[in-house]
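The values are calculated or read from the model by the stated rules, or taken from the named source; none is laboratory data. Fair warning: this is a prediction, and the values are worked out from it, not measured in the lab. Here the Cβ positions follow ideal geometry from the backbone for every residue, glycine too, while neighbour counts run over all protein chains shown.
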Amino acid sequence: MTDAVLATKGITKSFGALTASKDISLDLRAGEIHALIGPNGAGKSTLIKQITGSLRPNSGNVIFGGTNVTTLSAAARARLGMGRTFQISALAMDYTVLQNVVLGALGQRGGVFRLFNRVMKDQELLTIADQALEQVGLSDVRNTRTSELSHGRRRQLEVAVALTLKPRAFLMDEPMAGLGTEGTAQMVALLDRLRVQAPILLIEHDMDAVFALADRISVLVYGQIIATGTAAEIRANPQVREAYLGEEALT
Amino acid sequence: MIRETTLNAALLVLLLAVPLAALILDELFIITLATRAVIFAIAGIGLNLALGFGGLVSLGHAAFFGIGGYAMGILAYHAQTYTPLIEWHFVIDGTKSMPVIWLTATIASAIAALGIGALSLRTSGVYFIMITLAFGQMFYFFTISWPAYGGEDGLSIYVRNGFAGFNTMDPITFFAICYAMLLAVLWLVARLVRSSFGLALGAARQNEDRIQAVGQRPFTLYLAAFTISGAITGLAGALFADLNRFVSPTMFSWQTSGEIMVFVILGGVGRVYGPVAGAAMFILLEHVLGGLSEFWHIYLGAILLGIVLFARGGLIGLLAGREVADD
């Protein structure tokens, strides 16, 4: 598996008697969308935290772009090109849309400790920021305060900020959460285009979206990956049917 | 609604016009009051960088105010008693030069802020408030029990320190010096807020997950903000000591920290000119209400309560509305 951009190798994490991650190995390859699904309480969030760096596993490693990043902070992983979006939008709500994307471009380029420049007049950053806004279709609200944005547009802005980081991989935690039918369709189309830029590890509850997008799907139940495969393989897997999907979702 | 820039300019003009009018009317006391307002404004601007822009509620900024004050006191004390400050392998004498004192005060309080910040910023929320308060009180009790520089009684400096040959004992001259420092500090902070650092610091305040996700550690940003913040408040401390020609442990007391915070909240948290409005209003209330009743703090408390409940942007927010987010 040499072409894996991001991989976990036997990650285990326990909280007291509860083992939230049990020997999890999964990988994300160039050009793919790899969806991670599982019922509530399966340990998806715990796994995400270990991949992004806000939790450290008890054992096992996280490999990103050929580097072992297990002991690196979330900020250091972001600088290496891990572009993430949050389950609950984590944006600077008092800032404009543009300020949020310029912040991303600034974080990627560096020079955060310049004290006397005019950051919102920095052409280099503005160019990257505007490209990202254009790509997700937010150019028209570039000067709107983020707190005044609709939920759906905030989700798109999260993706735009991740884009400014020139990511080598995206990690998206339920990007469709709370989106209506139309919003979900837009997001599906956006992610579909993004996968050529960088592969996406997608945690998602919306099964239609997952089956429409994912090249591969991994199913997490009680902290363990019980199956990994293509959409068709997962649909056909009896264990998955029993543990998670239920009959109706598959028909 | 008035545009914020217009309001800021009006504020500065007013702060200059009042002592000039007082000079013509020969009301020297008013000039001293205006000088106090200017110095308190500088102290508040310092705190506002941490509190308003970084979201760091420090109840220990008296530490930096006091360090600035004692930097002035100690240097001037050695100069006026003709005793060397340090006599160890080499000799360092005291000084009566304001620029040297300002530089010393700023550097000393920056170093203190770096140390206090590095420890305090490991906590957050209420614990951060408590640990900064504790550091301030440590300095307070230390100076009380430090006999070399007057202990509890403080330290009197007989003649105001010198600046480029001006007669600094002349109230309006000293006011002008303090006013010029205020303009310099305002310029500095206005630049900081619009810089890369300002953008990242504000984002860290609003959402720590966000700033980490773009590859920056909130701690480093906070520490830098806290250090600059302490340095500015320290400078104000040196000016305040020079105004009174007296330093005492009171400068380190937690009431001082509280008052500096009141300037910021009255004027507008996170607004560059907020502390200027806040300090001016504080002095005005102290003078007007203080003349009416010994218990004027009750009225101040009521006003503060009103602002916290109904005008979160303080005076500036009340008059200029919400901040314009884009430049």
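Residue count for the range A:206-218, restricted to those that are surrounded by 17 or more Cβ atoms within 10 Å (Cβ to Cβ), assigned to a loop (DSSP other than H, G, I, E, B) and touching a residue at least 40 places away in the same chain (Cβ under 8 Å): 1. Those residues that are small (Gly, Ala, Ser) and part of a helix (DSSP H, G or I), I need them from the range B:179-209; list them, please. Scanning the range B:179-209 gives B:ALA180, B:ALA184, B:ALA190, B:SER196, B:GLY198, B:ALA200, B:GLY202, B:ALA203, B:ALA204. One residue stands out among those in the range A:85-95 that are of a type outside the set (Ser, Thr, Tyr) and in contact with an Asp or Glu (Cβ under 7 Å, 6 or more places away or on another chain): the one that is farthest from the other protein chains (Cβ to nearest Cβ), which is A:GLN87. Does the range B:137-147 contain at least one residue that is in a loop (DSSP other than H, G, I, E, B), under 30 Å from B:LEU23 (Cα atoms) and more than 14 Å from chain A (Cβ to nearest Cβ)? No - not one qualifying residue is present in the range B:137-147. Which one of the conditions (1) touching a helix residue (DSSP H, G or I) at 6+ places or on another chain (Cβ under 7 Å); (2) outside any helix (DSSP H, G or I) does A:GLY152 fail to meet, given that it meets all the rest? Tallying (1) touching a helix residue (DSSP H, G or I) at 6+ places or on another chain (Cβ under 7 Å); (2) outside any helix (DSSP H, G or I), A:GLY152 fails exactly one: (2). What do you reckon, is A:SER14 free of Cβ contacts under 8 Å to residues at least 24 places away in the same chain and either of a type outside the set (S, T, N, Q) or outside any helix (DSSP H, G or I) (or both)? It is false that A:SER14 is free of Cβ contacts under 8 Å to residues at least 24 places away in the same chain and either of a type outside the set (S, T, N, Q) or outside any helix (DSSP H, G or I) (or both). Counting the residues of the range A:158-180 that are among the acidic types (Asp, Glu) and at positive phi gives 1. Scan the range B:101-108 and give yes if some residue there is modelled with pLDDT under 95 and assigned to a helix (DSSP H, G or I), otherwise no. No; the residues of the range B:101-108 include none that is modelled with pLDDT under 95 and assigned to a helix (DSSP H, G or I). Within the range A:184-205, the residues that satisfy the criterion of being out of contact with any helix residue (DSSP H, G or I) (no Cβ under 6 Å at 6 or more places or on another chain) and part of a loop (DSSP other than H, G, I, E, B) are A:ARG195, A:VAL196, A:GLN197, A:ALA198, A:PRO199, A:HIS205. Among the conditions (1) over 24 Å from B:ILE74 (Cβ atoms); (2) of a type outside the set (A, V, I, L, M, F, W, C); (3) free of Cβ contacts under 8 Å to residues at least 40 places away in the same chain, the only one that B:PRO147 does not satisfy is (1). Put simply, of B:LEU16, B:LEU51 the only residue that is in contact with a Ser or Thr (Cβ under 7 Å, 6 or more places away or on another chain) and either over 15 Å from B:GLY234 (Cα atoms) or modelled with pLDDT under 95 (or both) is B:LEU51. Taking residues in the range A:26-48 that are in the same structural domain as A:ARG195 (by TED's automatic domain parsing), and partners anywhere that are surrounded by fewer than 17 Cβ atoms within 10 Å (Cβ to Cβ) and outside any strand (DSSP E or B), the pairs with Cβ atoms closer than 6 Å and at least 6 places apart or on different chains are A:ASP27/A:MET1; A:ARG29/A:ASP3; A:ALA30/A:ASP3; A:GLU32/A:ASP215; A:ILE33/A:ASP215.
Only residues that are among the small types (Gly, Ala, Ser) and over 23 Å from B:ARG217 (Cα atoms) were counted across the range A:102-131, and they come to 0.
Scanning the range A:96-119 for residues that are more than 7 Å from chain B (Cβ to nearest Cβ) and out of contact with any Leu (no Cβ under 9 Å at 6 or more places or on another chain) returns a single hit, A:GLY110. A:ASP27 meets all of the listed conditions (1) within 18 Å of the chain's Cα centre (by Cα); (2) surrounded by fewer than 19 Cβ atoms within 10 Å (Cβ to Cβ); (3) among the charged types (D, E, K, R) but one, namely (2).
Within the range B:268-327, being acidic (Asp, Glu) and farther than 29 Å from A:MET93 by Cβ holds for B:GLU286, B:GLU294.
Every test in (1) in contact with a Gly (Cβ under 9 Å, 6 or more places away or on another chain); (2) in contact (Cβ under 8 Å) with a residue 60 or more places away in the chain; (3) not assigned by TED's automatic domain parsing to the domain that holds A:LEU98; (4) not charged (D, E, K, R) is passed by A:VAL161 save one, and that test is (3). Taken over the range B:172-218, the criterion of being more than 16 Å from B:ASN48 (Cα to Cα), in contact with a Lys or Arg (Cβ under 7 Å, 6 or more places away or on another chain), within 9 Å of chain A (Cβ to nearest Cβ) and not aliphatic (A, V, I, L, M) is satisfied by B:SER195, B:SER196, B:GLY215. Based on what the data block shows, is B:GLY237 within 27 Å of B:MET130 (Cα to Cα) and modelled with pLDDT of 95 or more? Against the criterion (within 27 Å of B:MET130 (Cα to Cα) and modelled with pLDDT of 95 or more), B:GLY237 qualifies.
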